[in-house]
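Novice: I'd like to ask you about the structure that follows.
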Amino acid sequence: MTHDAIVVAAGPAGLAAAITMAQAGLRVLLLEKAAVTGGTANRGMGPLGIESRHTRARLLPPTRDEAFKAYMDFTHWRVDARLVREFLNRSGETIHWLESLGVEFVEPATYFTGSFQTWHLVKPEQGPPGPGGAATMMRVLTRRAVELGVELRLQTPVNALIREGGRVVGVHAVDAQGAPIDARAAAVVLATGGFGDSPEMVREHAGFELGRDMHPFRTPGVRGDGLRMAWAVGAARTEMLMELVYGMPDNLSVPMPLHEACRQPHLMVNLLGERFIDESVMPNVTFTGNAIAQQKQRCAFLIFDADILAAMARDFDFRNRVFPVTRIDDADALIDRFVATGYRHFFVADTLADLAAQTGIEAAALSATVAQYNADCARGYDTLFNKPQHYLRPLRRPRFFAARHFPSAYGSAGGLRINHRAEVLDDAWRAIEGLYAAGTDACSIYGDSYPFLFPGTSMGFALNTGRIAGEQIASRHKEATA
């Protein structure tokens, strides 16, 4: 097979690259090892956009200059400023490009109070925007790619890059029937989505054990294929992290009202029975994930009592767009039914001592912590972390409840060093001819924490770096054939 360009994986980065090149008239081969396109984006809600027509019409900050400053302040300039600037500057126009392809957006949204309204929620084919809504966008992009002449092959995993004379000239793959494929092209774009479904790579590169102290949203098949292939031809490695958040294990099995009740700003302690966080920061799920990751066995417990549960039947303190519930109804019956399922990370007890015995929290320390916390609630001042007074509610009346939380993640971040043109670099910081990377494989722009200040960043980075790679390849193709 001979094409102008090959794209490996058909998630948001790969589809954006393929469509961009097809619009420029290139012959593009798009290889996807799964049976469907979309990747992790099929579980998402929408991408980031700065200064899109939607934000400008509503006079919503930030401007591109404001976004760049806030982003670089957040990351402490530990990231590639040229790449960040390029991504943010074009992100609004990418929203318009997506609309030109048939994608519809509902509104720019925020994730929590204090974050920017950069999250352009995809309008699903049915129902309101929410988790999985972006799958509609991926279906639109897949359809447009095929209409533009992209040769899409599903169930066709790529297992190696072909490098000749110092440049990448193609890939080795296996088709759906198991037959080998050697595909040749002037350029290859890697967009395989990182390593979030690889226990070995998560352990080696990010330092977590999947299923023990890390319970991420695992996208099947996202196992670092692109990283290993690029490293094998000399690509430089970057810092590799998990896109850290937090949650209860198998959280989608927890009834949504109870799930959200367990993410409100009540008392949170570690296994030592000690507080370690101002619980009012919990809407920033990255900050909370960071804090939990520093605790014994990387776990923590949110604790509340019958009075607090009754208050949550009226209203929650925190709300978000991912889990749009505002209170917990028929709470006692709901909890009793859920506990009967045998779920191992939610606990009910008539005494704090029994709660400590069930959870493994140090009993004496928990008792002392609750006593101090209740005294602070009575005086209206949190002497430890200065949590806002209106969140200070004592724990006094049985039953007592505890939810065990661990670090979670939407996926991995980083692995391949690219420049602001999406070219993959080697250890000498030279571009490897013919090799580009986009999306999570190359997403090393977070510093040490996912910037939830800008919701939609991961999907936005994927789409925009995919377009950047596609434009670079199309420009070089035009020069070569002029």
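What follows is calculated from the coordinates using simple rules that are stated; it is not laboratory data. Quick caveat: nothing in here was measured; it's all calculated off a predicted structure. Using ideal geometry, Cβ is built from the backbone for each residue, glycine included, and neighbour counts are taken over all protein chains shown.
Novice: Which aspartates and glutamates have a Cα lying under 19 Å from the Cα of residue 387, excluding residues fewer than 8 positions away in the same chain?
Specialist: Straight-line reach from residue 387, under 19 Å: 274, 278, 279, 305, 317, 376.
Novice: Select from 233, 413, 268 the residue farthest towards the positive end of the dipole of the chain; place +1 on Cβ of Lys and Arg, -1 on Cβ of Asp and Glu, and compute about the Cα centre.
Specialist: In the chain, that residue is 233.
Novice: Treating only the Cβ atoms of Lys and Arg (+1) and Asp and Glu (-1) as charged, compute the dipole magnitude of the stretch 1-134 about its Cα centre; round to the nearest 20 debye.
Specialist: Dipole about the Cα centre, nearest 20: 140 debye.
Novice: Then there's this: For a quick check of your reading of the filter: which GluC sites (Glu not before Pro) in the stretch 99-153 sit in a DSSP loop and have no more than 12 other Cβ atoms within 10 Å? Mind dumping the intermediate values first?
Specialist: Working: sites: 99, 104, 125, 147, 151; in loops: 104, 125.
Loop-located and lightly packed - 125.
Novice: Find the eigenvalues of the gyration tensor of the Cα atoms of the stretch 136-282, then list the square roots of 5 times those eigenvalues as equivalent ellipsoid semi-axes, largest first, in whole angstrom. Could the numbers behind the result be given before it?
Specialist: Details: eigenvalues 318, 85, 36 Å².
In descending order, the three semi-axes are 40, 21, 13 Å.
Novice: So what is the relative contact order of the chain, in percent, for Cα pairs below 8 Å that sit 6 or more residues apart?
Specialist: Details: 1091 pairs, mean separation 114.5, N = 482.
Reported relative contact order: 24 percent.
Novice: Please give me, ordered by residue number, the GluC sites (Glu not before Pro) of the stretch 162-255 that lie in loop per DSSP and have at most 12 other Cβ atoms within 10 Å.
Specialist: 209
Novice: Another question about this same structure. Among 206, 310, 174, whose Cα sits farthest toward the positive end of the charge dipole of the chain (+1 at Cβ of Lys/Arg, -1 at Cβ of Asp/Glu, about the Cα centre)?
Specialist: Farthest towards the positive pole: 174.
Novice: Another question, if that's okay. Work out how far the C-alpha atoms of the stretch 335-394 reach from end to end along every principal axis, then list the three figures in whole Å, largest first.
Specialist: 39, 25, 18
Novice: Counting other C-beta atoms within 10 Å, and keeping those with at most 11, which DSSP coil chymotrypsin sites (Phe, Trp or Tyr not before Pro) do you find in the stretch 390-482?
Specialist: Filter output for the stretch 390-482: 429.
Novice: Ok, one more. Only Lys, Arg, Asp and Glu count, each charged at its Cβ (+1, +1, -1, -1), so figure out the dipole size of the stretch 110-158 about its Cα centre, rounded to 20 debye.
Specialist: Here the size comes out at about 20 debye.
Novice: Right, something else. Over the Cα atoms of the stretch 244-408, each weighted equally, I'd like the Debye log10 I(q)/I(0) at q = 0.09, 0.15 Å⁻¹, rounded to two decimals.
Specialist: Reported log10 I(q)/I(0), two decimals: -0.25, -0.76.
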